[in-house]
Amino acid sequence: TVSADAIFDAILQGKAQDAADATRKAVDAGVVPQDIINGQMIRAMGEVGQRFQDGKAFVPQLLMAGRAMKSALELLKPLLAGDSSTTIGKVVIGTVKGDLHDIGKNLVASMLEGCGFEVINVGIDVASDTFVDEVKKHGADILCMSALLTTTMTYMKEVISALEEAGIRDKVKVMVGGAPVTQGFADEIGADGYSDNANTAVAVAKKLMG
Ligand code: B1M
């Protein structure tokens, strides 16, 4: 048997192999992926973040916890697949320039994919020209931007301006999210959608498709 918090503990300690093993055991025991993600994984990242803020953990711990979460999340990806066989819409998703956090963004990408969206994940530290180019190239219906830093979230506004300058702002819906982003901020920069988690991100994206 595994302790109820085995995944939480392994991620907190930055042990990737243990995190993956515990996740596999939880899945085999019938624990629902969403419960693993929300009840263990995200909670562990929150705890690491808190320790970092309190000066009790440092960047290497953040990095290792992130790696551990990623390796465990990989196992859940196939299970996040929804029942949709047709493509609902095309999404370009990335973390904005200056920002290297990609766990939440990848989670949103996986959930969207699982629920029938075609997702083009353009990675981290993405500049406005790249977002514009990718949206054009793929004829994306929605552009999803993620930011985890108060210093990088402001770049989302620049991307929206770049879409306007490229003359494609009316062709693509813009959705934003990430820990420091709020509905108020989303409204302020003229985004079309906002969500504070991966589950409602899917609902918001579906709504934006009309
Ligand atoms: Co960084 N980091 N980090 N970090 N890091 C935070 C964000 C921080 C809050 C920690 C803290 O102080 N408590 C703090 C930011 C403070 C601030 O600006 N407000 C911080 C800092 C300061 C930094 C550095 C500056 C540290 C340093 O170097 N001194 C540095 C910056 C690097 C950079 O980006 N330029 C840095 C670096 C890193 C690592 C690289 C080491 C690592 C990232 C590894 C990786 O992503 N591959 C890391 C980590 C792991 C964290 C914490 C601990 C965890 C982030 C995470 O993965 N959370 C984080 C503390 C925290 O969040 N509690 C922290 C789990 C993830 C599932 O949640 O990303 O919020 P989240 O995504 C959620 C929602 O926000 C939402 O859905 C997701 C699922 O529910 N969502 C969307 C996200 N994107 C969305 C998009 C949408 C919709 C919803 O639509 C488009």
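The values are calculated or read from the model by the stated rules, or taken from the named source; none is laboratory data. Predicted model, so just to flag it, every value in this text is computed and none were measured. Here the Cβ is made from the backbone with ideal geometry for all residues, glycine too, and neighbour counts use every protein chain on show.
Going by what's in this entry, would residue 14 be described as touching a helix residue (DSSP H, G or I) at 6+ places or on another chain (Cβ under 8 Å) and within 13 Å of the ligand (Cβ to nearest atom)?
Yes: the conditions hold for residue 14.
Among the candidates 205, 179, 201, the residue that is in a loop (DSSP other than H, G, I, E, B), in contact (Cβ under 8 Å) with a residue 40 or more places away in the chain and not aromatic (Phe, Trp, Tyr) is uniquely 179. Taking the range 131-153 as the range and being surrounded by 15 or more Cβ atoms within 10 Å (Cβ to Cβ) and either at pLDDT below 95 or of a type in the set (Ser, Thr, Tyr) (or both) as the test, the residues that pass are 146, 152. Within the range 93-103, none of the residues are assigned to a helix (DSSP H, G or I) and surrounded by fewer than 13 Cβ atoms within 10 Å (Cβ to Cβ).
Might you let me know whether the range 125-140 holds any residue that is among the small types (Gly, Ala, Ser), free of Cβ contacts under 8 Å to residues at least 40 places away in the same chain and within 12 Å of the ligand (Cβ to nearest atom)?
no
Does residue 167 qualify as being more than 18 Å from the chain's Cα centre (by Cα) and outside any helix (DSSP H, G or I)? The answer is yes for residue 167. Among the numbered conditions (1) near the ligand (Cβ under 9 Å from one of its atoms); (2) closer than 20 Å to residue 201 by Cα; (3) surrounded by 18 or more Cβ atoms within 10 Å (Cβ to Cβ), the only one that residue 64 does not meet is (2).
Those helices (runs of 4 or more DSSP H) of the range 5-51 that lie entirely within it include none in which at least 3 residues are at pLDDT below 95 and buried (at least 21 other Cβ atoms within 10 Å of the Cβ).
Per the listing 159, 204, 176, the residue uniquely more than 8 Å from the ligand (Cβ to nearest atom) and on the phi < 0 side of the Ramachandran plot is 159.
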